[in-house]
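In what follows, a structure is listed as structure tokens, so that the remarks can point back to it.
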Amino acid sequence: MQTRKKYIFLTFLASWLLLFFFGGDRLHRFAFFSARKAEGPRSWPRWTDQSLLKSFAAPEELQRDGDPPVLSPRQRRAAWLSAYRSSRCRMETCFDLSRCERNGFKVFTYPRERGQPVSETYSKILSSIERSRYHTARPEEACLFILSSDTLDRDRLSEHYVRDLEEKIHSSPLWNGGRNHLIFNLYSGTWPSYGGELGFDPGHAILARASSDSRTFRPGFDVSIPLFPREHPQRGGDRGWLRRGSVPPKKKFLLVFKGKRYLTGIGSGTRNALHHIHNGKDIISLTTCKHGKDWEKHKDTRCDKDNVDYERFDYQELLHNSTFCIVPRGRRLGSFRFLEALQAACIPVLLSDGWELPFAEAIDWGKAAVVGSERLLLQIPSAVRLIGPERVLAFQQQAQFLWDAYFSSVDKIVHTTLEIIKDRLSPPRSRSRLLWNALPGGLLVLPDFSTHLGDFPFYYLRHGYSPSKKFTAFIRAVSQAGSLSQPILRLIQAVSGSQYCAQIVVLWSCEKPPPPSGQWPQSSVPLTVIQGRRKLSDRFFPYGAIQTDAVLSLDEDTTLSTSEV
């Protein structure tokens, strides 16, 4: 009996020793084997629990325990949908189209209140709208409303953040749940997730915002705009660096980036990995940790060397001398360097997954930028090397056109936003993507004149033909005699003798009817007389009698010889 007890005791002791040596480390993690007090809820496992999670990266590159947990894309979308109930808005459901049918596309800006804080950038936006041909001072005839309250910076940690904005907006009698309102926004959300929160419910308002996330962007309703700096010019703007008709020389660098490297938090993953593609020859990728107040607190082993290399190159010099420019996401999806690359004719290589590109509803970015994936960063160098010289030049020319047409000033950004919204109101009369993506651009080709490309001389070559070499002589007669004067008879004879004259059209703007056909001089080209009014603007109407592309407009007392014509 004692032998049996001794055997059971030894077996139990051996089992206990085996459990202690091979599993004791894990047992210590349970509460009853630990002297630590019970902790509150935490994200499990922590990145520093190395015995639980095998590390495949340097400890400095991992998220620290002190960092707030980053929301998953599904959690961010759920939070956005709960905040903004109008996530499924379309022009047909959240926009009162009848207001625009009565008075046309008119835009009203709320009156500015005395002492109301307005940033310099938002003042430029309001000024652009108030100087546009669509502005009205009467709210009852407006199709679209613009808030006077500054909504550009909705980061709660920013000094430009306007508080109690929801109360101010919703108290307006014009608000109507945000219907037919347009809200401009450059910065939304705050540390650590930098989501799309505005700090107020926009209701049914159209959001024209930078760094738009494709998961929360409402296609055909919202408008994605570029992130632009406070110094961006109000009007005009600097031209692009690539001059029309010039072939750029071969650039010194193939691919460049110079910018901040975030050590922790959202946006740090992509920028932390950029050093892997740097070769110091034709690919330059420079980052610095030296930004923010506590950068030294989070610095890693690469920071000191990165900071030294960062100072070796000038940013503007890199832009001038590179073919492609990397445009990675920052804390938010958009970046200032996107517009900087466009202006420099440095083809943007976009690394910002989920970014709804500016004015993508109208602009074909596949002709001006390379859209990459943050997960496939290491494939970017080989991908851009495969793009041939002719394609590179086409990319550069298109980037310059887009910069000059839509992005070089605040006026152009604002007017492009308005024109896109206006096109939605009447799809049959909207501009085609060809009009938006070819010279001279959508802002200069108005569908109010025509929606047919053949009516615009800019697009002849795209149709495979050229304008005719002959012109129509358009003569405006305003004499009160009711008969043909000697000056107009001589002018008809001189013009008809030109080999380039295809026809003569006389706009008879006299009070008395025109003379019968037998009294008009004989000419070698067809002569047509049309009755007009005594308005100077009559000469600019697209009369059906005019059959040529070119028109020579003349007054009846013009003195010209055939050789001068």
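Rounded to the nearest 20 debye, what is the charge dipole size of the stretch 471-555 about its Cα centre when +1 sits on each Lys and Arg Cβ and -1 on each Asp and Glu Cβ?
200
Determine ³J(HN,Hα), in whole Hz, for all residues of the stretch 314-329 in sequence, where each value follows from phi through the Karplus function 6.51 cos²θ - 1.76 cosθ + 1.60 and θ = phi - 60°; x replaces Gly and Pro.
Residue by residue, the stretch 314-329 yields 8, 4, 5, 5, 5, 4, 5, 10, 10, 7, 10, 10, 6, 10, x, 5 Hz.
Excluding residues on the same chain fewer than 8 positions from LYS299, give the aspartates and glutamates whose Cα lies under 13 Å from its Cα.
By straight Cα distance, LYS299 reaches GLU60, GLU61.
Among the GluC sites (Glu not before Pro) within the stretch 152-235, which fall in a DSSP loop and have no more than 16 other Cβ atoms within 10 Å of their own Cβ?
Filter output for the stretch 152-235: GLU159, GLU231.
Report, by chain and number, residues whose modeled amide H sits under 5 Å from the one on VAL529, excluding near sequence neighbours (fewer than 5 apart, same chain).
When sequence neighbours closer than 5 places are left aside, the close amide H contacts are VAL506.
Using 0.36 nm per residue, how much length does the chain from ARG230 to ASP555 gain when fully extended, once their Cα-Cα distance is taken away?
112.0 nm
Straight-line reach from LYS290: which aspartates and glutamates have Cα under 13 Å away, leaving out those fewer than 8 places along the same chain?
ASP300, ASP304, ASP306, ASP309, GLU311
Along the Cα-to-Cβ line of SER563, 7 Å from the Cα, sits a label point; which residues in the stretch 485-504 have backbone N less than 17 Å from it?
Within reach of a label on SER563, which here means backbone N under 17 Å from a point 7 Å along Cα→Cβ, the stretch 485-504 contributes 494-500.
Which value, in Å² and to the nearest 10, is the accessible area of PHE540 when all protein chains are kept and the probe is 1.4 Å?
Using a 1.4 Å probe on the heavy atoms, I get roughly 150 Å².
Below 8 Å, C-alpha to C-alpha, sequence gap of six or more: please give me the relative contact order for the stretch 471-555 in percent.
43
Rg and Dmax of the stretch 138-261, using alpha carbons, in Å: what are they?
Over the stretch 138-261's Cα set, Rg and Dmax evaluate to 18.9, 60 Å.
How high is the FRET efficiency from GLN116 to SER432, r the C-beta distance, R0 51 Å, rounded to 0.05?
Calculated value: 0.80.
Cross-link candidates for LYS469: which aspartates and glutamates have Cα within less than 20 Å, leaving aside residues fewer than 8 places away along the same chain?
ASP455, ASP549, GLU564
Could you work out how much longer the chain between GLU390 and ASN103 gets when fully extended? Use 0.36 nm per residue separation minus the Cα distance between them, nm to one decimal.
In short, 98.5 nm is gained.
For LEU10 and LYS290, what is the calculated FRET efficiency with R₀ set at 51 Å and r taken between the beta-carbons, to the nearest 0.05?
0.20
Nearest 0.05, what FRET efficiency do LYS250 and ARG490 give at R0 = 45 Å with Cβ-Cβ as r?
Rounded to the nearest 0.05, the efficiency is 0.15.
At 0.36 nm per residue, minus the direct Cα-Cα distance, what do SER148 and LEU439 gain on full extension? Give it in nm, one decimal, please.
101.3 nm
With each pseudo-label sitting 7 Å past Cα toward Cβ, what's the ASP96-PHE456 distance in nm, one decimal?
3.3
The values are calculated or read from the model by the stated rules, or taken from the named source; none is laboratory data. This one's a predicted model, so the numbers in the text were calculated from it and none came from an experiment. Note that we place each Cβ from the backbone using ideal geometry, even for glycine, and neighbour counts take in every protein chain shown. To get the accessible areas, we keep the full protein, side chains included, count just its heavy atoms, and leave off ligands, DNA and RNA. Shrake-Rupley method; radii C 1.70, N 1.55, O 1.52, S 1.80 Å.
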